[in-house]
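The structure appears right after this line, and notes come after that.
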Amino acid sequence: MGAGEYVSVSSQADTESADIETERRALRHDFGAECVELREIYVQRGLERELAGQVAHQLMTHNALAAHTRDDIGITETLAARPLQAAAASSLSFALGGLVPLLASVVAPGTTHVSLVVAVSLAFLGVLGALAARAGGAPMLRGAIRVLTWGALVMGVTAAVGSLIGAVV
């Protein structure tokens with residue numbers, strides 16, 4: 001999981017770097033047009049044309065690349081791709097999330113083993129969905145249902161594929 005996250009976020013970081021380099025070249029080759037472009041961004045966001053021009057001019061004078069990186073292509077230091085951080089968070093989340101089904105598997109009696117692991121896993125997914133929604137300020141029930149539904153679907157598909165190839169599910 002961590003390796004996949006690292007690769008994915010590294011690709012995002014590469015795209016961000018390429019976008020920043022494109023802005024850097026544009027600023028070198030046509031600074032005036034880039035100033036107009038930034039002004040128009042601020043006009044679209046609701047500033048009057050004159051004020052937008054003043055803001056664009058001041059920001060371009062202070063740090064043109066930072067202004068374009070933030071306001072033209074939407075990359076900020078806070079939201080920039082961080083592959084190692086993403087990989088670590090994904091790995092830790094995957095490991096911690098796997099503990100609950102693992103513990104259920106250890107304590108489940110043999111006759112109800114699969115049913116108990118499935119039930120505990122789905123309940124845990126619902127709780128995690130609700131907590132994630134709450135952390136994001138969204139309705140908890142919607143988050144719980146979404147994570148629970150997709151989790152159940154993925155578990156069902158995994159079980160079906162396992163049955164088709166003769167694996168124990």
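The values are calculated or read from the model by the stated rules, or taken from the named source; none is laboratory data. Just so it is clear, the model here is predicted, and its values are computed rather than measured. Note that each Cβ is placed from the backbone with ideal geometry, even for glycine, and that neighbours are counted across all protein chains shown.
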- Message: Can you say whether residue 79 is in a helix (DSSP H, G or I), of a type in the set (A, V, I, L, M, F, W, C) and either modelled with pLDDT of 90 or more or within 30 Å of residue 45 (Cα to Cα) (or both), as far as the supplied structure shows?
- Response: no
- Residue list for segment 43-73, filter: of a type in the set (Lys, Arg) and either in contact with a strand residue (DSSP E or B) (Cβ under 8 Å, 6 or more places away or on another chain) or outside any loop (DSSP other than H, G, I, E, B) (or both): 49, 70
- Could you figure out which of (1) acidic (Asp, Glu); (2) touching a residue at least 24 places away in the same chain (Cβ under 8 Å); (3) over 30 Å from residue 97 (Cα atoms) isn't true of residue 50? (2)
